[in-house]
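Below is one structure, written out as structure tokens, with a few remarks after it.
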Amino acid sequence: LNPLADGASLPEPRADDWLHSGPEGAPFTFVGAPTSSLSLSPSEAHLTPPAFRKALARFATWDAEHGVDLSGTTCHDAGDVDMGGDGVQARERLEQALSGLFSPATTLGVCGGDNSITYACVRALAAGRGVELSSGRVGLLTLDAHHDLRAPHPRPSNGSPVRELVEGGLPGSRVVQVGIGAFANARSLTAFAETAGIRHHSAASVRLRGMAAVLQEALGQLDAEWVHVDFDIDVLDRAFAPGCPASVPGGLDPAQLGEAAFMAGRDARVASFDIAEVDAAADPQGTTLRAAVHVFLSFCAGAQSRESPA
Ligand SMILES: [Mn+2]
């Protein structure tokens, strides 16, 4: 019997119930950002937040690998932000909504939607802590096959959030990227990263050194008081992420990404994270969604096992 199979019932407690187990201000806050209007490739990523909530029903709250049970804490589901209409305006609404949700008492998880949401997340983190992006006090860790350093012209896109943040004042030294893939970026964008002082680690480096070593180095390179983590699920190999329009061969596997999520969660500076680029309409087996849920739960398990609460 496969207890995760459709139709079978998991023993309680289940992760879908846990998602809305707490009131506003609970240790974890979940919010959906259903948008795909700024995606460069055709995507229905706006369908993903409700599908993500549903996919949680396939998971228990018990992380047997790390000995952490999420049922020992609570999460508030703040619902979905209205991302309708013009994509740039929707992103501004998202930034405002997130700014209101940020508080030192909760760790915020944002479920996209395409990767354009990361721009709003990082700006909202800075606003929520009352500092400028340029202060150097806010940092960004990306798990992504791509640099996301495309020019935001004629319009911002899911390929431009890191470029926009850096051009908006975030020092390149406060950005670290893990999982950069081969044949996934223009050479000029890697050059842009290096000129801007953005540190990056390839997917090959993760394979050779192991995720624990790479992520420990990446977190150590982030000299910031508060960190946002962008989990672009296209950092996974295309075999594991068929529902991400830009996933490529040679990417990470779900165990590596889960380990990164646990380690990032355990870092008390990490105040928020996003899960981006999953198109639930292009994921008939639910492979990509379940990988994304695994990232979410692994992050929360890591955060729950912090030595001192953030
Ligand atoms: Mn991306």
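The values are calculated or read from the model by the stated rules, or taken from the named source; none is laboratory data. All figures in this text were calculated on a predicted structure; none of them were measured in a lab. All Cβ positions, even for glycine, are placed from backbone atoms using ideal geometry, and neighbour counts span all protein chains on display. With ligands, DNA and RNA removed, areas are computed over all heavy atoms of the protein, side chains included. Shrake-Rupley method; radii C 1.70, N 1.55, O 1.52, S 1.80 Å.
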Self-check item: Among (1) over 24 Å from ASN115 (Cβ atoms); (2) not in a strand (DSSP E or B) - the single one HIS76 does not satisfy
Solution: (2)
Exercise. Could you tell me which of the residues HIS201, HIS146, HIS153 is within 20 Å of GLU259 (Cα to Cα) and open to solvent by 20 Å² or more (accessible area, probe 1.4 Å)?
Key: HIS146
Quiz item: When residues of segment 164-207 are filtered for being over 21 Å from CYS121 (Cβ atoms), in contact (Cβ under 8 Å) with a residue 60 or more places away in the chain, in contact with a helix residue (DSSP H, G or I) (Cβ under 9 Å, 6 or more places away or on another chain) and not small (Gly, Ala, Ser), how many remain?
Solution: 0
Exercise. Scan segment 46-69 residue by residue and report those that are surrounded by 20 or more Cβ atoms within 10 Å (Cβ to Cβ) and in contact with a Pro (Cβ under 8 Å, 6 or more places away or on another chain).
Key: HIS46, THR48, PRO49, THR61
Quiz item: Does LEU149 count as farther than 26 Å from GLY302 by Cα, within 14 Å of the ligand (Cβ to nearest atom) and more than 14 Å from the chain's Cα centre (by Cα)?
Solution: yes
Practice problem: Looking only at segment 52-73, count how many residues are touching a residue at least 40 places away in the same chain (Cβ under 8 Å), closer than 19 Å to ARG266 by Cβ, in a strand (DSSP E or B) and hydrophobic (A, V, I, L, M, F, W, C). | Solution: 1
Self-check item: Candidate set from segment 131-175 (those that are of a type in the set (A, V, I, L, M) and assigned to a strand (DSSP E or B)); member that is nearest to PRO254 (Cα to Cα)
Solution: LEU143
Self-check item: Test: VAL138 is under 14 Å from HIS228 (Cβ atoms), in contact with a Leu (Cβ under 8 Å, 6 or more places away or on another chain) and away from the ligand (no atom under 16 Å from the Cβ)
Solution: yes
Practice problem: Being assigned to a loop (DSSP other than H, G, I, E, B) and touching a residue at least 24 places away in the same chain (Cβ under 8 Å) is the filter; apply it to segment 103-130 and report the residue that is farthest from the ligand (Cβ to nearest atom). | Solution: ALA105
Self-check item: Candidate set from segment 219-237 (those that are within 12 Å of the ligand (Cβ to nearest atom) and in a helix (DSSP H, G or I)); member that is surrounded by the most Cβ atoms within 10 Å (Cβ to Cβ)
Solution: VAL235
Self-check item: Scan of segment 90-110 for residues that are closer than 29 Å to LEU40 by Cα, at pLDDT 95 or above and not small (Gly, Ala, Ser), ordered by number
Solution: ARG91, GLU92, ARG93, LEU94, GLU95, GLN96, LEU98, LEU108, VAL110
Practice problem: Can you give me the number of residues within segment 263-284 that are more than 15 Å from the ligand (Cβ to nearest atom), among the charged types (D, E, K, R) and in a loop (DSSP other than H, G, I, E, B)? | Solution: 3
Quiz item: Any idea which of (1) touching an Asp or Glu at 6+ places or on another chain (Cβ under 7 Å); (2) assigned to a helix (DSSP H, G or I); (3) within 16 Å of the ligand (Cβ to nearest atom) is the one ALA260 doesn't satisfy?
Solution: (1)
